[in-house]
Amino acid sequence: MNKPLYKRKTVRVSAVLLLCFGILQLYRPELKKQPVTADFNGPENVKAILKAACYDCHSNEPDLKWFDHLQPAYSIALADSEEGKAGLNFSEWGNMAPGDQKAKLFEILNQITTGSMPLKSYQVLHRSANLNPAEIAIVKNYVAGMIKDHPADTALVNAATKQFNNWNAQNLKADKLPETLTGVPYLPDYKNWQVVSTTDRMDNNTIRVVFGNPIAIKAIAEHHINPWPEGTIFAKVAWDKLLNADGNVKTGAFKQVEYMIKDSEKYKRTKGWGWARFKTMKLLPYGKNIGYATECVNCHRPLSNNDFVFTLPVKH
């Protein structure tokens with residue numbers, strides 16, 4: 001190839017790319033400034049860690065670096081911020097009930113220990129967001145300090161006994177099975193499925209067991225879990241945790257059952273999963289409007305690289 005001709009083509013291509021880059025900078029979506037109404041009020045060392053790792057996307061105080069102001073990074077940063085605040089906004093932390101705060105802290109700890117947050121794509125350029133083991137330990141100790149295990153009180157024991165007696169008498173035979181506002185049904189057959197994993201939710205004193213339908217169990221056996229195959233269903237069941245004076249744990253009253261149903265076409269608008277939660281023995285569908293599914297997606301969004309599934313199968 002003629003070298004002068006090659007150089008001229010290279011210069012032209014570079015000039016066109018530079019021009020496109022310059023034009024792209026003219027598109028500047030507005031960064032809406034929102035007030036800090038009830039900022040996170042934990043210990044300063046914990047807040048410093050969360051601020052470095054989380055606040056850019058999960059607060060009204062994003063600290064955009066110079067490179068974040070360049071397009072297309074600027075638009076991505078704004079979109080990530082709006083999406084992140086929809087799930088958790090540290091600037092409005094104090095507006096949450098104490099129980100919800102504790103649950104969020106448990107969720108945060110779970111995500112940073114599994115490496116799902118902060119997002120890997122964000123950590124590449126934002127090195128301060130890379131949490132080291134010592135920083136994770138600080139957050140873990142803070143959350144652990146809020147957990148107080150103690151023998152179950154009489155009320156919890158009596159609630160479990162009463163619930164069981166009512167169930168035994170009625171056998172929960174319903175004329176029509178409930179479903180959510182988005183049409184996701186309650187599936188009673190989960191009781192016959194195999195256990196995939198378990199969780200001790202120390203933040204709200206519950207025990208949870210995740211069951212998988214035969215498609216999920218087959219996918220686990222074949223190591224086909226990212227993405228999970230169509231037709232996969234998980235049922236996560238929660239009970240009160242009863243702890244006796246000797247430290248032995250057993251299940252108490254039934255709290256709820258949650259479902260994730262994989263159907264990429266039917267549930268395209270909610271990341272390919274149908275989401276459902278049925279509370280108490282009356283199996284009351286969760287959600288006052290169809291927007292409840294967005295809440296579920298936002299919670300699971302950090303696991304997008306794992307097909308939005310937190311559950312890891314128990315290894316034998």
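Checking each residue in segment 75-95 for being aliphatic (A, V, I, L, M) and out of contact with any helix residue (DSSP H, G or I) (no Cβ under 7 Å at 6 or more places or on another chain) picks out 76, 78, 79. Among residues of segment 161-194 being aliphatic (A, V, I, L, M) and modelled with pLDDT of 75 or more, the one that is surrounded by the most Cβ atoms within 10 Å (Cβ to Cβ) is 184. Within segment 268-286, if we keep just the residues that are closer than 12 Å to residue 183 by Cβ and more than 14 Å from the chain's Cα centre (by Cα), the residue that is surrounded by the most Cβ atoms within 10 Å (Cβ to Cβ) turns out to be 276. Within segment 236-267, if we keep just the residues that are in contact (Cβ under 8 Å) with a residue 60 or more places away in the chain and surrounded by fewer than 18 Cβ atoms within 10 Å (Cβ to Cβ), the residue that is farthest from residue 225 (Cα to Cα) turns out to be 245. Taking each residue of segment 51-72 that is under 21 Å from residue 89 (Cβ atoms) and surrounded by fewer than 19 Cβ atoms within 10 Å (Cβ to Cβ) and looking for partners that are β-branched (Val, Ile, Thr) and at pLDDT 75 or above with beta-carbon atoms closer than 7 Å, six or more apart or interchain, yields 60/36; 61/36. Looking only at segment 242-265, filter to residues that are charged (D, E, K, R) and either touching a Ser or Thr at 6+ places or on another chain (Cβ under 8 Å) or not in a loop (DSSP other than H, G, I, E, B) (or both); which one of those is farthest from residue 183 (Cα to Cα)? Only one residue fits best here, namely 250. Entry remark, segment 271-294: residues being within 29 Å of residue 304 (Cα to Cα) and either free of Cβ contacts under 8 Å to residues at least 60 places away in the same chain or among the charged types (D, E, K, R) (or both) number 7 in total.
Rundown of residues vs (1) in contact with a Phe, Trp or Tyr (Cβ under 8 Å, 6 or more places away or on another chain); (2) of a type in the set (Val, Ile, Thr); (3) in a loop (DSSP other than H, G, I, E, B), yes/no style:
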{"residue": "190", "(1), (2), (3)": "yes, no, no"}
{"residue": "215", "(1), (2), (3)": "no, yes, no"}
{"residue": "219", "(1), (2), (3)": "yes, no, no"}
{"residue": "223", "(1), (2), (3)": "no, no, yes"}
{"residue": "227", "(1), (2), (3)": "no, no, yes"}
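The values are calculated or read from the model by the stated rules, or taken from the named source; none is laboratory data. Since we're looking at a predicted model, the values are computed, not measured. Because the Cβ atoms are built from the backbone with ideal geometry, glycine has one as well, and the counts that use them run over all protein chains shown.
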